[in-house]
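Values quoted throughout were computed directly from the atomic coordinates according to the rules given, and no laboratory measurement underlies them. These figures come from a predicted structure and were not determined experimentally. As a convention, Cβ positions derive from the backbone with ideal geometry for all residues, glycine included, and neighbour counts pool all protein chains shown.
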């Protein structure tokens, strides 16, 4: 049974949280301005601000001019109260960024991915976090959350990472728990494409949009799908694994079980290999960028390969559109970011579905996943640092999607 004391404590904590959110959203304010924003009495506001300052969550940040001869202290969120780290684990590189609770970046690090073993890869993630901490001179007890993006599925409840054909298999280990223990801070592991979708909603083309998708086409393929403002992850975290769509190649071929027929055909390696085969299978390996450059220079074989790539991508987008009808679909990844793809993808999609959504190329570039990691990390940090206790639902102004 809740007592009157419990109720008063809960109300106090909720009021503290409201003050913190007001300062977070509006920047430095005087006590009077906070009271006006929230409709609190001056004595209540003064008491709450004093309590938050004692706890180190807010600090004085200057003086505001008042009536003649009078000034009032400005209060702001203490930027040093906590930090977040975002890590993007990719087939080619591992990158890490450390930011404050406003998302302002203080340190970054990137190095080639160690694909020798799962243990070596986890060591590299831990070292990357420690490197940005050292560069920013941030102690571990100041890291409120670390978000790790991986090119695979993360099973809700178990932290098990699976369906990651381009990196060593982590097996049954709870990657999230293991990294949390080794780093000494709360670690959350998420699919990289889902985090890219979160970034599009928080700072990219999908701001203010409730129904959209982010399609990654690079070494692998994937779809981050947001419907009614919520990220769709599925029962086992495998929603959006479009690499296993049953077209683009033979979905029943033995190799398709590993990374999917669609990914084998549309992913960057498949595109480059298709061009090489059209040239008779001779000559050295070629990169995705080189195929598109040759298409732009008038190479008819390269142009044909690019056109078929656009058609394949449009087929996947048409499949998504007929099921959930999003307002916007965004292309990203090494292949998806190629400017030459956008118009032919739009053209094919217009012919494939009666009411096609808008299709755009991501403006976040190769940083989409790590930007999403920072965005979600900031949200987690705010909930942990400013919520004080779990006494109310998600704070106003929180990111429009959740993983």
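Take 138-146, 277-285 and order them by the average number of nearby Cβ atoms within 10 Å per residue, most first; the result is 138-146, 277-285.
In the chain, helical runs assigned H by DSSP with n ≥ 4 each contribute -39500 (n - 2.57); averaged across all residues and rounded to the nearest 500, the mean residue ellipticity at 222 nm is -13500 deg cm²/dmol. Here the contact order of the stretch 1-154, divided by its residue count and restricted to Cα pairs under 8 Å and six or more residues apart, works out to 18 percent. Using the alpha carbons alone, the radius of gyration of the stretch 67-166 stands to its Kirkwood radius in an Rg to Rh ratio of 1.18. Computed over the Cα atoms of the stretch 207-363, the ratio of the radius of gyration to the Kirkwood radius (Rg/Rh) comes to 0.97.
Return, ordered by residue number, the residues of the stretch 69-106 whose backbone nitrogen is under 19 Å from a label point located 7 Å along Cα→Cβ of residue 142. Hits in the stretch 69-106 for residue 142 at 19 Å: 76-87, 96-106. Between the Cα long axis of helix 4-26 and the first principal axis of the chain there is an angle of about 60°, rounded to the nearest 10.
Taking every DSSP beta bridge that has both ends in the chain, the antiparallel portion is near 65%.
Against the set (1) 25.2; (2) 22.1; (3) 20.2, the structure's computed mean projected area of the Cα convex hull in nm² falls on (1).
Shape call for the stretch 209-302 from the C-alpha gyration tensor, a ≥ b ≥ c root eigenvalues: rounded (a/c under 1.5), prolate (a/b greater than b/c) or oblate? Note, shape of the stretch 209-302 comes out oblate. Normalised by the number of residues in the stretch 194-265, the average gap of Cα pairs under 8 Å and 6 or more apart makes the relative contact order 22 percent. To the nearest 10 degrees, how steeply does helix 368-386 sit against the main Cα axis of the chain, on a 0 to 90 scale? With both axes taken from Cα atoms, the answer is about 20 degrees. By how many degrees, 0 to 90 and rounded to 10, does the Cα axis of helix 300-324 deviate from the longest principal axis of the chain? So the inclination is approximately 50 degrees. In terms of the mean number of neighbouring beta-carbon atoms within 10 Å, the peptides 41-48, 28-35, 356-363, 81-88 order highest first as 81-88, 28-35, 356-363, 41-48. Highest mean first, the peptides 116-125, 156-165, 240-249 sorted by other C-beta atoms within 10 Å per residue fall in the order 240-249, 156-165, 116-125. Take every Cα pair under 8 Å whose residues are at least 6 apart in sequence, average their separation, divide by the length of the chain, and the relative contact order is 17 percent. Beyond 15 Å, what percent of the Cα pairs of the stretch 262-341 remain? Considering the stretch 262-341, 56 percent of its Cα-Cα pairs are separated by more than 15 Å.
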